[in-house]
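A quick write-up on the structure given underneath.
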Amino acid sequence: MSSSQEVHKNVILLPQTNQLIGLYSIIRDQETKRGDFVFYSDRIIRLLVEEGLNQLPVETATINCHGGQVYQGAKFLGKICGVSIVRAGESMEMGLRDCCRSVRIGKILIQRDEETALPKLFYEKLPEDISDRYVFLLDPMLATGGSAMMAVEVLLSRGVQMNRIFFLNLLAAPEGIKAFQEKYPEVKIITGGIDEKLDEDKYIVPGLGDFGDRYYCI
Amino acid sequence: MPQESSSPLKSKSSRIAPDQNDSSFFESTDNVSAPADKPSYIPPWTEPYIIGVAGNSGSGKTSVSQKIIQELNQPWTVLLSFDNFYNPLNAEERQQAFDCKFDFDTPESFDMNLMYETVKSLKQGKKTEIPVYSFKLHNRTSKKTTIYGANVIIIEGIYALHDQRLLDLMDIKLYVDTDLDVCLARRLTRDILYRGRDLEGAVRQWETFVKPNAVKFVLPTMNNADLVLPKGLENDTAISLMIQHIQKQLSHKSSMHLNHLKALGRDLSFDIKNVPNLKLLPLTNQTRGIHSILFDQNTERSDFIFYFDRMCGLIIEKAQEFLTHFDPVDVTTQANYTYKGLKVNDEVIAVNIIRSGDCFMNSIKKTFPEILIGKLLIQSDSMTGEPQLHYDSLPPNMTKYNKKILLFDSQIISGAASIMAIQVLLDHRVKEEDIILCTYLSTEVGLRRIKHVFPSVNVVIGKLSSMEDKADLWYNEERFKDSDWLFRNRFIDGLYFGTR
């Protein structure tokens, strides 16, 4: 990939090329139909996953090439897994599988508690050996970061090392990034776009609407 | 069109030894003179070998022409028949024709100017339309045949050796000299059995028109011939001598083509860093890991396909950095905020070089769902390594202002196939700067040749090797050389499609 920027410590922004802005212009548009929304989101998600994979260490390996040449190449360590936050995060699983075929994927369901209005963990199903793995946490939007931070808490409680968590999202608000950095400074955030701010309803401005609704329903 | 500066190689006549693979491209090119001033590529179809075949009606011109085509076995031979160049008739003439009272056998009944323009256009390597004449309607039909990329052109007809302008374009001129009685017998059979005439009309036509014209106009053109073939097709000795001669001429032509290709790109001041419009995939953990899987001889085929698709995805993303038509657009989001974005107005067309470029197909579809796809089949002659264009199928309207042509080939070895493919696109009036050549593995010598002839073509390369073993090349940390097996053998398509 062309050089992604580390805009803040541990915040990696995809290169803002014209064609990437072109893709975002399609998925942000309220007029865009679901088929196009899904197709172009998937394209951005693959770029995020590629960037995430690029952050992983590899080990040097001696390769016996076709034609008999010996090449000092690299071997993927393969100790990764995806964890998607139900339901919007699941939309990113396909992009992850496009780049890592047999990757293990865990799920976390977090919903807003009706009484306290705070995010509450309803369900989790994670690979047994998750503590040995690098984790790609999948949630397309980073607004306040409430649910993602709760998901990180779950991962840490299962023994995952903080610096092995990569949070992949399509859009991030500065408020969410800040909250994350204060609480989990070693989590790496990989995003395709950083927007202006949150509005009073905690929606990203200008944002793209409710990602899950647009991907699954409308 | 580059044909105007074709002179520097005209004088070369040395024959190069046949070679089984592309390796001859890496050997010394000292015995080849480099093109003098502006580098140019002269594709074989810019200098097609033109054969004229004349003779009386029924003399066996067509059979002789077919025999030549069969024996030469060239990838792209075109038979141009005078039959399609009759002048269209007016209503009155057409009635005469239906009554077998129209003289079809004078030089004036043919559109010599159109024939000349057609051959001239083909000789310049241009895409050319050929009229289609109907004997049933006695008129030109609305159909046209499009011809492009011919290596050998055979002009066949009673007046093939009549017009001086045509004679000047021909490389060899044949006259098939068959006894007029034999001609009549053949003509009657053909007219009655295949052209729906009756005996009386056919005989009358022979006596009033065909025979007098044959004596008056056709016979004298025998003097323009290089070779007269008595007895037509039955004359095995003459025909095999002639075919040997043509084959010799063609192999001379193809060795000049090869030498010309080899001589390209020897410019020593070439520095990858300063080549405009070139993008190399950066070496990252991921790309290094993917290269390792693709190069590894122990990799399973399913893994090879999966990782090659990923590699193609990265190359195609990179290629889009060459798009140029982005227009500002205000987008309204679901929550009614405005996003100042960009609309991509480039229309991308993919052209695959069969079959090595087809490996990109999966990833192309994942990036551009509704893309138009063109195909080119270019193969290297197994004896000489000379690239030959066998087939082209390209979408219409490739020249609109906002079109970008992504040209795919998974490997650039000698550069010859890419150069030929680019020339095909240019012949279809695509602009050099609108072509984005995408490849996974490329040699430096191949890249040099391409950039030397087509400096404005954009190129995206996954992994570039070097001509010499040099340390500290920012793009080639692993020090791959052009002469390494991986870079000089076409192995990707075989592994991808499982034919190896």
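Number of residues in region A:168-218 that are part of a loop (DSSP other than H, G, I, E, B) and closer than 14 Å to A:Tyr24 by Cα: the value is 8. Applying a threshold of 7 Å to beta carbon distances and a minimum spacing of six or more residues, or different chains, the list of pairs starting in region A:55-67 at a residue that is under 15 Å from B:Thr287 (Cβ atoms) and facing another protein chain (nearest Cβ under 7 Å) and ending at one that is surrounded by 15 or more Cβ atoms within 10 Å (Cβ to Cβ) and small (Gly, Ala, Ser) reads A:Val58/A:Ala74; A:Val58/B:Gly289; A:Ala61/A:Gly73; A:Ala61/A:Ala74; A:Ala61/B:Ser292; A:Ile63/A:Gly73; A:Ile63/B:Ser292. Inside region B:48-93, residues that are assigned to a helix (DSSP H, G or I) and touching a His at 6+ places or on another chain (Cβ under 9 Å) make up a count of 1. The combined condition, being open to solvent by 30 Å² or more (accessible area, probe 1.4 Å), under 19 Å from B:Leu407 (Cβ atoms) and either touching a Ser or Thr at 6+ places or on another chain (Cβ under 6 Å) or in the same structural domain as B:Arg310 (by the TED database) (or both), is fulfilled by B:Ser456.
Would you say B:Asn274 is modelled with pLDDT under 85, within 25 Å of B:Ile419 (Cα to Cα) and not acidic (Asp, Glu)? Yes; evaluated as a whole, the condition is true for this residue. Would it be correct to say that A:Leu96 is open to solvent by less than 10 Å² (accessible area, probe 1.4 Å) and over 24 Å from B:Ser292 (Cβ atoms)? Considered against the rule, which asks whether it is open to solvent by less than 10 Å² (accessible area, probe 1.4 Å) and over 24 Å from B:Ser292 (Cβ atoms), A:Leu96 comes out as no. Inspection of region A:125-134 identifies at least one residue that is within 14 Å of chain B (Cβ to nearest Cβ), open to solvent by less than 50 Å² (accessible area, probe 1.4 Å), closer than 19 Å to A:Ile45 by Cα and touching a helix residue (DSSP H, G or I) at 6+ places or on another chain (Cβ under 6 Å). Among the residues of region B:202-219, the ones that are open to solvent by 80 Å² or more (accessible area, probe 1.4 Å) and under 42 Å from the mean Cα position of the chain (by Cα) come to 3 in all. In region B:452-465 there is at least one residue matching the filter, namely being within 20 Å of the chain's Cα centre (by Cα), in a loop (DSSP other than H, G, I, E, B), closer than 23 Å to B:Gln388 by Cβ and modelled with pLDDT of 90 or more.
Determine if region B:283-306 includes at least one residue that is touching a residue at least 60 places away in the same chain (Cβ under 8 Å) and touching a Ser or Thr at 6+ places or on another chain (Cβ under 6 Å). No, that holds for no residue. Please count how many residues of region B:144-166 are open to solvent by 10 Å² or more (accessible area, probe 1.4 Å) and under 24 Å from B:Ser57 (Cβ atoms). Of the residues in region B:144-166, 7 are open to solvent by 10 Å² or more (accessible area, probe 1.4 Å) and under 24 Å from B:Ser57 (Cβ atoms). Screening the candidates A:Gly82, A:Gly89, A:Gly95 for the property of being more than 10 Å from every other protein chain (Cβ to nearest Cβ), modelled with pLDDT of 95 or more and either part of a loop (DSSP other than H, G, I, E, B) or touching an Asp or Glu at 6+ places or on another chain (Cβ under 8 Å) (or both) yields one hit, A:Gly82. The conditions of being farther than 17 Å from B:Leu281 by Cα, free of Cβ contacts under 8 Å to residues at least 12 places away in the same chain and not in a helix (DSSP H, G or I) are met by B:Pro396.
Just so you know, in region A:68-87 the residues that are β-branched (Val, Ile, Thr) and free of Cβ contacts under 8 Å to residues at least 40 places away in the same chain include one that is nearest to B:Thr299 (Cα to Cα), and it is A:Val70.
For the condition more than 30 Å from B:Phe308 (Cα to Cα), open to solvent by 10 Å² or more (accessible area, probe 1.4 Å) and in a loop (DSSP other than H, G, I, E, B), A:Glu115 qualifies. Among the numbered conditions (1) within 14 Å of another protein chain (Cβ to nearest Cβ); (2) more than 24 Å from B:Leu261 (Cβ to Cβ), the only one that B:Gly494 does not meet is (2).
In region B:99-109 there is at least one residue matching the filter, namely being part of a helix (DSSP H, G or I) and open to solvent by 20 Å² or more (accessible area, probe 1.4 Å).
Hey, can you tell me all the residues within region A:3-23 that are open to solvent by 40 Å² or more (accessible area, probe 1.4 Å) and part of a loop (DSSP other than H, G, I, E, B)? Once the filter is applied, which keeps residues that are open to solvent by 40 Å² or more (accessible area, probe 1.4 Å) and part of a loop (DSSP other than H, G, I, E, B), region A:3-23 yields A:Ser3, A:Lys9, A:Gln16.
When region A:24-36 is filtered for residues that are farther than 16 Å from B:Thr367 by Cβ, assigned to a helix (DSSP H, G or I) and either at the interface with another protein chain (Cβ under 8 Å from one of its Cβ atoms) or open to solvent by less than 10 Å² (accessible area, probe 1.4 Å) (or both), the ones remaining, listed by number, are A:Ser25, A:Arg28. Just to be sure, is A:Ile44 more than 9 Å from chain B (Cβ to nearest Cβ), crowded, with 18+ Cβ neighbours inside 10 Å and assigned to a strand (DSSP E or B)? Here the answer is no, as A:Ile44 does not meet what is asked.
One residue alone among A:Glu196, A:Glu200 is within 22 Å of A:Thr17 (Cα to Cα), within 13 Å of chain B (Cβ to nearest Cβ) and open to solvent by 60 Å² or more (accessible area, probe 1.4 Å), and that residue is A:Glu196.
Within the span defined as region B:282-289, every residue fails to be away from chain A (no Cβ under 11 Å), farther than 30 Å from A:Phe211 by Cα and over 30 Å from the mean Cα position of the chain (by Cα).
Here's the yes/no breakdown for (1) closer than 30 Å to B:Glu47 by Cα; (2) open to solvent by 60 Å² or more (accessible area, probe 1.4 Å); (3) part of a strand (DSSP E or B):
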position	(1), (2), (3)
B:Cys183	no, no, no
B:Leu188	no, no, no
B:Glu200	no, yes, no
B:Thr221	yes, no, no
B:Ala238	yes, no, no
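The set of residues in region B:167-181 being over 28 Å from the mean Cα position of the chain (by Cα) and surrounded by 21 or more Cβ atoms within 10 Å (Cβ to Cβ) consists of B:Tyr175, B:Val176, B:Thr178. Residues that are on the phi > 0 side of the Ramachandran plot and buried (at least 17 other Cβ atoms within 10 Å of the Cβ) within region B:374-419 comprise B:Gly385, B:Gly415, listed in sequence order.
The values are calculated or read from the model by the stated rules, or taken from the named source; none is laboratory data. What you are looking at is a predicted structure, and each value in this text was computed from that prediction instead of being measured. Cβ coordinates were reconstructed from backbone atoms using ideal geometry, including for glycine residues, and neighbour counts include every protein chain displayed. For the accessible areas, the whole protein counts, side chains as well, though only heavy atoms, and no ligand, DNA or RNA atoms are used. Shrake-Rupley method; radii C 1.70, N 1.55, O 1.52, S 1.80 Å.
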